[in-house]
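Okay, so here's the structure we're looking at.
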Amino acid sequence: MKDLYQAQRAMRNMRQAAMQRGVIAILDVGSSKIACLVLRFDGPEQFRDSDGVGSMAGQSQFRVIGAATTRSRGVRFGEVAAMQETERAIRTAVQAAQKMANVRVDHVIACLAGARPRSYGLDGQVALDGGIVTEADIGRVLAACDLPDYGEGREVLHAQPVNFALDHRSGLGDPRGQAGNMLTTDMHLLTVDHAAVGNLLHCIKRCDLELAGLASSAYVAGISSLVEDEQELGAACIDMGGGATGLSIFMRKHMIYADSVRMGGDHVTSDIHMGLQVPMAVAERIKTFYGGVVATGMDDRERIEIGGDSGDWERDRRTVSRAELIGIMRPRVEEILEEVRARLDAAGFDHLPSQQIVLTGGGSQIPGLDGLASKILGHQVRLGRPLRVQGLPQAATGPAFSAAVGLTLFAAHPQDEWWDFEIPAERYPARSLRRAVKWFKDNW
Amino acid sequence: MQPLKRDPAPSRWHYRYQRLMLTPAFRKLLRVGLPLALVAGVAGGWLARADNRALVTESWQNLVWELQHRDEFMVDAMAIDGADDALSADIRDVLPVDFPVSSFELDLVEMRDTVAAIPAVAEAVLRVKPGGILQVTITQRQPVAVFRTASGLRLIDAEGVIIGPLAARADRADLPLVTGDGARDELAEGLALYDVAGPILPRMRAVMRMGERRWDVVLDRGQRILLPTENPIEAFERVIALSEAKDLLDRDVSVVDMRNAARPTIRLNEPAVAELRRISGPAEEPDE
C-alpha cells in the first residue's frame, strides 16, 4: 500500500513537471485504435489564482496541438496481449502526434479499458482533536479507511474521496475549516489487475516516455461525455469500445462505481466474420457501412456485396441482405447491453435519483442503438459525444474519442485522490514540540 | 482469422532519432555547433603543422610590412622649428633616425620625451606631416640670468632651470648675475631687484641669496646692500632714494644694512672711520 502511495505520488509529481514544461501527451490504448493527443498548456487560465474548475470545465487552459490515431495491434479486451505489437503501435501514434505538434513529448498520461476493474466503497472515521478540520485531518481520515482484501495481484488505480461527513452533516464537498468532532469520509476505490497495468507501463517505458498519470478509461469517458447535470444528479456512462465495454456511474460529480464488460465492437465484427464467412477487414467495413440493430422491411431488399475472395470475381459474387447482417449483429449487441444491465443492477443503479444512461465510444455509432438500449437499460438513454476541446481535429471529435478527450480533462484537472494528501505520520516530536509551545503560551 | 498485415511502424531507432531531432537543444547544436566544430577542426588540423603556422605568421608579417612601407606612410626628412643651430644639431644627435622610415616605426611619444630631456628645450611637439616630414616644433628656453655656482657660470631661464654652462661672464654681459644657495627658486624676486635698480644699475655686479632667505645686492667697489627677508624691494628702493638724495653709495661706505627697517645701518671703510674721528675728535672728546 505504501509502495502504491509513493508510486502514485511520483506520478503526480511527474504530471506537475510536465505542466511546468507545458507539453504533455495523452495516450488512449484501446483494443481497436490507439489515439495520442499532444496538449500544450498555455491557455489564459493556466495560472489562475483561485481554486476550482475554471471556465469551460477547466479546459481553456490547454489546447491540442497534435493528434494521431493508429490501428491497434496486440491489444485485446483493453489489455495488452502482444507487447511488441502494442509497443510498435504506441510508437506509431506518438511519433505521428509529435510530428504534427512539432514538439518532443516526454510525459504521457495513459488510460486503459480492460484489466478487470473492481469498485469498492470504503469509509473512514476519525475524531478531530482541534475542533476544526485541517488538511492533515483529511489525510488522516483517508488513511483511516480500512482497506478491503482486494486480492493478490491487484493494484489500486483510483482512490477518490467522494463524500465527507462532519458529525451528522453529510454531503460535504470540502470540509476544511469547518468545526466538528467527528470526520467521516466515503472513498471510492478502483482496483485493476496488476499484470495488465504492468504490461502497459512496460510498453510505454519502452517508448522512452515517462508516465505522468494512469486512469480508467470508463472514468475518463464519463468525464468527457456526461454533462454537468448528469454528473451531479447521477448517471451511467457506457463506453462501448472495441474489446471491452466500460461503464462508470457518476453521482454528485464523483465516480462512485466503475466496471467493464469484456465484450465490444470487435466481437460484433468477429460474429460477422464468422457468420458471413468474410475476412475480418471486410467484416469491419460492412459493419461500419451497413451495420444496424433494428431491421425494417426495406432492409430485406437492400443487398450488400460481400465478395468471395476466391479470385473468381465473375462467378463468385455473394450478397447478403442488410436484414441478415442486422440479424447477426443484434444478438451480440443485445448480449453486451444485457451484461451491462446486469452490472448496473449489481451496482444498485436503480436506487439513484436520476437514471440517465449515456452511450459513448466507437460502438455507440451503430444506427438504432439508442432504441435498443432504451429497451434493455431503461428509458433515459442518450448517445453522448465528448466535450469539444480547443484544437482538437475534426476527425477526433466523434464518440470513439470520448476516452481520449476525457483524459485531456483529467490531465488538466485531476480529481483529488487519496495520494494527493499527506499521509499522516504520527509524529511524536512535532506534537510534543507543539505541546511545549502551548505550555509556554499558557504559562507566560 | 487471417494473419494481420503488419502495419507500418517506425523502428525503435527511427523513433528515437525523430524524438532527438525534435529536441530544441539538439537542433540548435546541429545547426550551429556542428558547422563551428567542423570549421574549427579543419583549421586546427591544418595549423597543427609547424610549417603551416610559420607560413601564416610569415605572410601576415609580410602583409603588415608591405602596408606600412607604402609611400603614403614613409617619412623622408626631419624639420626642426623654433631651435637655433646648436640646439638643432643637438636634437639631430639625440634622435638618430635613418630616413626614409615608415611612420609606423616611429615612436613619437618616446622621441618627444627624448627631445624634451634636452635642458635647452622647454617644450617639444612632434608630428608627422603629410608629405613625409617629421616636424619637430621646439619651444626653446630663453636665458634671463647668469647663475654663478662653485663650479662655474650657468645660464638659467625664468623658471630657474639651468640651460647650459657659460664660459665667461663677458660672453653674456647683458644678463644679470645671480648667485647664492636657493637663488634659483626665488629668481623672480632677484630679477625684480634689477628692475628697480634704476640709477645704480651700472654699478650692480650681482644679487646674492643669503642663507636661502634674503638678498644681498653686490655693487662694485666691494659695496653691499643687505636687504631684509620681508619686502626687500621696498628696502632697496629706500636705499636708492637715499643714494640719490645724499649720494650715500658714492661715499666710502662698505655695507648698507637694511635688515632692520626701523634702524638702517651703514658700515664705513677704515679710512672713512679714521677721517670721521679726525673731524669730530676735538669738538667732542669722549668724557672718560
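Here are the numbers for the structure shown:
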quantity: FRET efficiency, 1/(1 + (r/R0)^6) with R0 25 Å, evaluated for residue B:161 and residue B:108 via beta carbons; calculated: 0.55
quantity: Residue-wise HN-Hα coupling along segment A:147-162, computed from phi with Karplus coefficients 6.51, -1.76, 1.60 (Hz; x: Gly, Pro); calculated: 6, x, 7, 8, x, 6, x, 10, 9, 7, 9, 10, 9, 10, x, 9
quantity: Distant-in-sequence amide H partners of residue A:158 (H built 1.01 Å from N, under 5 Å); calculated: A:190
quantity: Measure of compaction for the protein assembly as shown (Cα Rg per 2.2 N^0.38 Å); calculated: 2.12
quantity: Average accessible area per residue (Å²) across the protein assembly as shown - probe 1.4 Å, nucleic acids and ligands excluded; calculated: 53 Å²
quantity: Fraction of accessible area attributable to carbon and sulfur, segment A:199-332 (%, probe 1.4 Å); calculated: 51 percent
quantity: Over chain B, volume per residue of the alpha carbon convex hull, in Å³; calculated: 347 Å³
quantity: Shape call, segment A:323-391: gyration tensor on alpha carbons, a/c limit 1.5; calculated: oblate
quantity: Pairwise centroid distance, computed over Cα atoms, of segment A:316-373 with segment A:70-141, Å; calculated: 27 Å
quantity: Signed unit charges on C-beta, dipole axis of chain B, positive-most listed residue B:211, B:11, B:151; calculated: B:11
quantity: Cβ neighbours within 10 Å from other chains - mean over A:92-99; calculated: 3
quantity: P(r) weight above 21 Å for segment B:71-140, C-alpha pairs, percent; calculated: 18 percent
quantity: Local electrostatic count, residue A:127, Cβ distance below 12 Å [Lys/Arg +1, Asp/Glu -1]; calculated: -2
quantity: Backbone HN-Hα couplings from phi across segment A:239-249 [Karplus 6.51/-1.76/1.60, Hz, Gly and Pro as x]; calculated: 9, 8, x, x, x, 8, 10, x, 9, 9, 10
quantity: Virtual spin-label span in nm between residue B:231 and residue B:189, 7 Å along Cα→Cβ; calculated: 1.4 nm
quantity: Within the protein assembly as shown: Cβ-based charge dipole about Cα centre, in debye rounded to nearest 20 (Lys, Arg +1; Asp, Glu -1); calculated: 3520 debye
quantity: Solvent-accessible area buried by B and A, counting both chains, probe 1.4 angstrom, square angstrom; calculated: 2000 Å²
quantity: Nearest-0.05 FRET efficiency for residue B:20 and residue A:303, computed from C-beta distance (R0 51 Å); calculated: 0.40
quantity: Placed amide H near residue A:321: partners under 5 Å, 5+ positions off or other chain; calculated: A:304
quantity: In nm, spacing of pseudo-spin labels at residue B:268 and residue A:280 (7 Å Cα→C-beta vector); calculated: 15.6 nm
quantity: Highest-MSF residue in chain B out of B:87, B:36, B:20 [GNM, Cα springs under 10 Å]; calculated: B:20
quantity: Gyration tensor (alpha-carbon) shape descriptor, segment A:265-332, a/c threshold 1.5; calculated: oblate
quantity: MRE, 222 nm, helices only [DSSP H, n ≥ 4, -39500 (n - 2.57), over chain B, to nearest 500]; calculated: -11000 deg cm²/dmol
quantity: Angle between chain B longest axis and helix B:232-246 axis [Cα atoms, degrees, rounded to 10]; calculated: 30 degrees
quantity: Local electrostatic count, residue B:231, Cβ distance below 11 Å [Lys/Arg +1, Asp/Glu -1]; calculated: -2
quantity: Phi-based couplings in Hz for segment A:115-132 (Karplus 6.51, -1.76, 1.60; Gly and Pro marked x); calculated: 6, 6, x, 9, 9, 9, x, 10, 9, x, 8, 9, 8, 8, 8, x, x, 10
quantity: MRE, 222 nm, helices only [DSSP H, n ≥ 4, -39500 (n - 2.57), over chain A, to nearest 500]; calculated: -11500 deg cm²/dmol
quantity: Axial C-alpha extent at least 27 Å, average Kyte-Doolittle at least -1.0 - helices from chain A (DSSP); calculated: A:322-347
quantity: Cut-off 12 Å between beta-carbons: net charge of the residues surrounding residue A:162, Lys and Arg +1, Asp and Glu -1; calculated: -2
quantity: Amide proton proximity set for residue B:75, modelled H, under 5 Å, gap of 5+; calculated: B:101, B:102, B:103
quantity: Out-of-range pairs (alpha-carbon distance over 30 Å; input A:99/A:253; A:205/B:28; A:99/A:205; A:33/A:99; A:33/A:205; A:253/A:375); calculated: A:99/A:253
quantity: Rounded to 10°, Cα long-axis angle of helix B:85-94 versus longest principal axis of chain B; calculated: 40 degrees
quantity: Charge dipole of chain B about the Cα centre (unit charges at C-beta), most positive-ward option of B:245, B:109, B:271; calculated: B:109
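The values are calculated or read from the model by the stated rules, or taken from the named source; none is laboratory data. The structure displayed is predicted, hence computed values, not measured ones. Using ideal geometry, Cβ is built from the backbone for each residue, glycine included, and neighbour counts are taken over all protein chains shown. In case anyone asks, the SASA skips ligands and DNA or RNA and just uses the protein heavy atoms, side chains included. Shrake-Rupley method; radii C 1.70, N 1.55, O 1.52, S 1.80 Å.
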